[in-house]
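Here is the structure we will look at.
Read-outs throughout are calculated quantities, based only on the coordinates presented, and are distinct from any laboratory measurement. Keep in mind the model is a prediction, meaning the values are calculated, not measured. As a convention, Cβ positions derive from the backbone with ideal geometry for all residues, glycine included, and neighbour counts pool all protein chains shown.
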Amino acid sequence: MITYQTDGTRMPGIKKRPTTAWIRSVAATYGKKVGDVNYIFCNDERILEVNREYLQHDYYTDIITFDYTEGDTISGDLFISLDTVKTNSEQFATEYDEELHRTIIHGILHLCGINDKGPGEREIMEAAENRALAMRVG
């Protein structure tokens, strides 16, 4: 089940049913089923708290993915800072809606096993994001 929650912010204007179907179809392209995936949309203050408490990082980020995947069933808690998504959309000159959906799928791609911290991995992640965005309807 995919859930969408908020913590200290308003729910973004996403269409939940088409977004859920899109997430499932992207996961399926990696041979994965969707288990319990919880999106928690928050603000910069909250994501900084999560980053400090659980990862010992003292900086803002757009998404933090806690991976509880077992076998071919992806599960996790995905914290998304809507403040940072907005900042990124301005910085990269992209539409907010596109940046939000890129961030939403970024976490799913992590749960599917794609990383973005090592040499050459960022380019692989970006290509996977672009393929996933191209699959989005609505």
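Values computed for the structure shown
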quantity: Of all residues in region 28-57 being loosely packed, with under 15 Cβ neighbours inside 10 Å and aliphatic (A, V, I, L, M), the one that is farthest from His106 (Cα to Cα); calculated: Leu55
quantity: Criterion (in contact with a helix residue (DSSP H, G or I) (Cβ under 7 Å, 6 or more places away or on another chain) and surrounded by fewer than 21 Cβ atoms within 10 Å (Cβ to Cβ)) met by exactly one of Leu133, Leu109; calculated: Leu133
quantity: Near pairs, Cβ below 8 angstrom, 6+ apart or cross-chain, from region 94-105 (under 14 Å from Pro18 (Cα atoms) and free of Cβ contacts under 8 Å to residues at least 40 places away in the same chain) to any residue that is assigned to a helix (DSSP H, G or I) and hydroxyl-bearing (Ser, Thr, Tyr); calculated: none
quantity: Single residue of Asp7, Asp116 found to be of a type in the set (D, E, K, R), surrounded by fewer than 19 Cβ atoms within 10 Å (Cβ to Cβ), free of Cβ contacts under 8 Å to residues at least 24 places away in the same chain and touching a helix residue (DSSP H, G or I) at 6+ places or on another chain (Cβ under 8 Å); calculated: Asp116
quantity: Pair list, Cβ under 8 Å, 6 or more apart: region 123-137 residue without any contact (Cβ under 8 Å) to a residue 24 or more places away in the chain and hydrophobic (A, V, I, L, M, F, W, C), other residue surrounded by 13 or more Cβ atoms within 10 Å (Cβ to Cβ) and outside any loop (DSSP other than H, G, I, E, B); calculated: Met125/His106; Met125/Leu109; Ala128/Leu109
quantity: For Ser25: the one exception among (1) of a type in the set (S, T, N, Q); (2) surrounded by 16 or more Cβ atoms within 10 Å (Cβ to Cβ); (3) within 15 Å of Ile104 (Cβ to Cβ); (4) in contact with a helix residue (DSSP H, G or I) (Cβ under 9 Å, 6 or more places away or on another chain); calculated: (2)
